[in-house]
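Here is the structure we will look at.
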Amino acid sequence: MRSDLEIAREATLRPITEVAADLGLDPDDLLPYGRYIAKVPAPALAHRLGDRPDGRLVLVTAMTPTSFGEGKTTTTIGLGQALRAIGRRAVIAVREPSLGPCLGLKGGAAGGGYSQVLPMEEINLHFTGDLHAVSTAHNLLSAVVDNHLHQGAVPEIHPRKVVWKRVMDMNDRSLRSILVGLEGQGGNGVMREDGFEITAASEVMAVLCLAENLADLKRRLGEVLVGYDSLGRPVRAGDIGVHGAMAALLKQAIHPNLVQSIEGTPAFVHGGPFANIAHGCNTLIATRLALKLGEYVVTEAGFAADLGAEKFFDIKCRAGGLKPAAAVLVVTRRAYARHGIENVAKHVENLGGFGVPVVISINRFLDDEPAELDEIRARCADLGVPAAITDFREGGGAGGLELAELVCAASESPSSFQPLYPLVLGIREKVEVVAQRVYGAAGVEFSQGARAEIKRIEDLGYWGLPVCMAKTPASISDDPKLPGRPRDFVLSVNGAKVSAGAGFVVVYTGKVMTMPGLPRQPAALSIDVDAEGNVSGLF
């Protein structure tokens, strides 16, 4: 099997100005990053495009995955290509890859085979520097907080009540818990416990992905909670005056990145929050822009429907006033072998609960036997949901023409989309709704610490925010060892944190880590570059 990198290198890319022209954009609408990448200043286009009707928004999600992923991004890109192949003006909108997974277990995140976004090497590595800008803005706040402590500035921040950690775009378990300010008799700052999270879990990333424009971004950054004073009163980034500098570091990152698929389909690749920690969707700005420029917009949400899709519907769609027209559930033989038809049925049930029509894409891998896929298709048909076998990796858009037709048919019915819960519920009640209706839990057990944290969050006035569940992606439950459709389990909630700038409350379940670790054989050990700058081993 030819690697993604080999296929990508043989592709003929169109100049980005030609890709933009397909969307009705002029060269003056672009901020070029070379010949094949450009940023599109969306706010500058808002007035020109404001009267255009929105296209149809299609979400790609999945059944509970294996550790290697089931090809959601490949399906998203392939479906965008397939829609164009049947004469629909389609635009792709996906997240940017994080270097942590790229150099860790999963490898690259730009699609695969003949359903990739290009240029693949740049997108998977540093791209336009958005994730570095997020890391820098986040760590600027960290540095200012520690300097604030060192200088004894006002408002007071209690050293043991700082809740703002540092971040880096790398999997490094050794940095989960650290001590800062050691030695130097106070010259190195105030000694305290700290730690690192991965950049994709940063609240700054979530803010970037949910902000409407630069002014809203700056406002949200000012609302970020960094800690508490001795009396338990909250201290925010705006209180210590650093939110303006943070926004300045993100003034280019907020513009969506325009690239193309291997077949030339326009694609916005922008933002990259994790779905088992944050809300797992690309930026609202890019999605809204794509909806003004395309007849169909194909996007994705990370991991399975119990995580990414639920957050897409309850957080992103609610925040942006979006009404998805259809959802595509990706099913694979290897995930099916582990989790079975009951897992697929539960995800179909959950998606239908949001009032969104569902279509199943049975994503073929090269070693899959046709008879096995036909059997899965027959079992999916028993659920009353249309299903198609797709081969986007090897066939590109042509590998999913049937799926494209099914998606169009599903999208033509009026949307009856609605979020899962009203915001007037308390935080614990929202968690219970998600746990029981989406996960199928018999109940929820809140630790004493979680109860105290939730009470403090509600006392601060944040009770009306949606919840962002931090949970294992390996199971619908909070136990990664429970496959299929777990029943009669109790969801364990061990903590909560308000992301006031992002506009949601993160609720921690099970043993979720906000800083992943590297596997025994990281993908980084296979990556190399020759004297001419040609990268190898990136997949």
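The values are calculated or read from the model by the stated rules, or taken from the named source; none is laboratory data. Note that the structure is a prediction, hence the values are computed from the model and not measured. Cβ sites come from the backbone with ideal geometry, for glycine too, and all protein chains shown count toward neighbours.
Restricting the first residue to the range 181-208 and requiring it to be within 16 Å of Arg160 (Cβ to Cβ), which pairs with a second residue that is of a type in the set (Asp, Glu) meet a Cβ separation below 8 Å and a spacing of at least six or different chains?
Gly181/Asp146; Gly189/Asp146; Val190/Asp146
Go through Leu30, Leu25, Leu99 for me and flag whichever is touching a helix residue (DSSP H, G or I) at 6+ places or on another chain (Cβ under 9 Å) and within 19 Å of Val297 (Cα to Cα). Step through it out loud before you land on a result.
Values: Leu30 fails: within 19 Å of Val297 (Cα to Cα); Leu99 fails: within 19 Å of Val297 (Cα to Cα).
Residue meeting the stated conditions: Leu25.
Using the structure shown, decide if Leu518 is touching a Gly at 6+ places or on another chain (Cβ under 6 Å) and in contact (Cβ under 8 Å) with a residue 60 or more places away in the chain.
Working: touching a Gly at 6+ places or on another chain (Cβ under 6 Å): yes; in contact (Cβ under 8 Å) with a residue 60 or more places away in the chain: yes.
It is true that Leu518 is touching a Gly at 6+ places or on another chain (Cβ under 6 Å) and in contact (Cβ under 8 Å) with a residue 60 or more places away in the chain.
Return the pair list, or none, for Cβ contacts closer than 6 Å from residues in the range 413-439 that are of a type in the set (Asp, Glu) to residues that are part of a helix (DSSP H, G or I) and crowded, with 20+ Cβ neighbours inside 10 Å, at least 6 apart or on different chains.
Sorted first by the residue in the range 413-439, then by its partner, the list stays empty.
Got a sec? Which strands (runs of 3 or more DSSP E) wholly within the range 229-272 have at least 1 residues that are within 22 Å of Lys161 (Cα to Cα)? Write out each step before concluding.
Working: elements: 234-236, 257-261, 266-269.
Counting at least 1 such residues, we get 234-236.
Report the residue count in the range 308-325 for those that are part of a loop (DSSP other than H, G, I, E, B) and either among the aliphatic types (A, V, I, L, M) or surrounded by fewer than 24 Cβ atoms within 10 Å (Cβ to Cβ) (or both).
Keep residues of the range 308-325 that are part of a loop (DSSP other than H, G, I, E, B), which gives 321-325.
Those left that are additionally either among the aliphatic types (A, V, I, L, M) or surrounded by fewer than 24 Cβ atoms within 10 Å (Cβ to Cβ) (or both): 321-323, 325.
Selection size over the range 308-325: 4.
Just for strands (runs of 3 or more DSSP E) wholly inside the range 147-227: which have at least 2 residues that are touching a helix residue (DSSP H, G or I) at 6+ places or on another chain (Cβ under 7 Å)? Give the steps one after another, and end with the answer.
Values: elements: 166-168, 178-180, 192-194, 196-198.
Fully inside the range 147-227 and qualifying: 166-168, 196-198.
Give just the number: which of (1) charged (D, E, K, R); (2) within 29 Å of Ala524 (Cβ to Cβ); (3) under 21 Å from the mean Cα position of the chain (by Cα); (4) surrounded by fewer than 23 Cβ atoms within 10 Å (Cβ to Cβ) does Arg176 not satisfy?
(3)
Out of the residues in the range 204-235 that are basic (Lys, Arg) and crowded, with 18+ Cβ neighbours inside 10 Å, state the one that is nearest to Leu30 (Cα to Cα).
Residues of the range 204-235 that are basic (Lys, Arg), as a first pass: 218-220, 233.
When the remaining residues are screened for being crowded, with 18+ Cβ neighbours inside 10 Å, the result is 218, 220.
On the way: Lys218: 23, Arg220: 26 Å.
Only one residue tops the list, namely Lys218.
Identify, please: which residue in the range 383-409 is small (Gly, Ala, Ser) and more than 18 Å from Ile92 (Cα to Cα) and is, among those, surrounded by the most Cβ atoms within 10 Å (Cβ to Cβ)?
Of the residues in the range 383-409, the ones small (Gly, Ala, Ser) are 384, 387-388, 395-400, 404, 409.
After this cut, where a residue has to be more than 18 Å from Ile92 (Cα to Cα) as well, the list is 384, 387-388, 409.
On the way: Gly384: 9, Ala387: 23, Ala388: 20, Ala409: 13.
Ranking the candidates gives Ala387 first.
Say we look at the range 57-102 and pick out the residues that are part of a helix (DSSP H, G or I) and among the hydrophobic types (A, V, I, L, M, F, W, C); which of these is farthest from the chain's Cα centre (by Cα)?
Here is the first cut: in the range 57-102, the residues part of a helix (DSSP H, G or I) are 72-85, 99-102.
Of the ones still in play, those that are also among the hydrophobic types (A, V, I, L, M, F, W, C) are 77, 79, 82-83, 85, 99, 102.
Numbers: Ile77: 15, Leu79: 19, Ala82: 23, Leu83: 23, Ala85: 27, Leu99: 14, Cys102: 15 Å.
Looking at the filtered set, the residue picked out is Ala85.
Considering only residues that are over 17 Å from Arg236 (Cα atoms), touching a residue at least 40 places away in the same chain (Cβ under 8 Å) and not in a loop (DSSP other than H, G, I, E, B), which ones fall in the range 125-146?
Answer for the range 125-146, where residues must be over 17 Å from Arg236 (Cα atoms), touching a residue at least 40 places away in the same chain (Cβ under 8 Å) and not in a loop (DSSP other than H, G, I, E, B): Asp130, Leu131, Ala133, Val134, Ser135, Thr136.
Can you find a residue that is out of contact with any Gly (no Cβ under 7 Å at 6 or more places or on another chain), closer than 25 Å to Ala200 by Cβ and not β-branched (Val, Ile, Thr) anywhere in the range 292-299? Reasoning before the result, please.
Of the range 292-299, the ones out of contact with any Gly (no Cβ under 7 Å at 6 or more places or on another chain) are 292, 299.
Restricting the remaining residues to those that are closer than 25 Å to Ala200 by Cβ gives 299.
Next cut, not β-branched (Val, Ile, Thr) only: none.
The answer is no; no qualifying residue exists.
Taking the condition surrounded by fewer than 20 Cβ atoms within 10 Å (Cβ to Cβ), under 30 Å from Gly264 (Cβ atoms) and of a type in the set (Ser, Thr, Tyr), does Ser415 pass? Quick ask: steps written out before the conclusion?
On the way: surrounded by fewer than 20 Cβ atoms within 10 Å (Cβ to Cβ): yes; under 30 Å from Gly264 (Cβ atoms): yes; of a type in the set (Ser, Thr, Tyr): yes.
Against the criterion (surrounded by fewer than 20 Cβ atoms within 10 Å (Cβ to Cβ), under 30 Å from Gly264 (Cβ atoms) and of a type in the set (Ser, Thr, Tyr)), Ser415 qualifies.
Among the residues of the range 493-530, write down those that are β-branched (Val, Ile, Thr) and modelled with pLDDT of 95 or more.
Within the range 493-530, Val493, Val498, Val505, Val506, Val507, Thr509 qualify.
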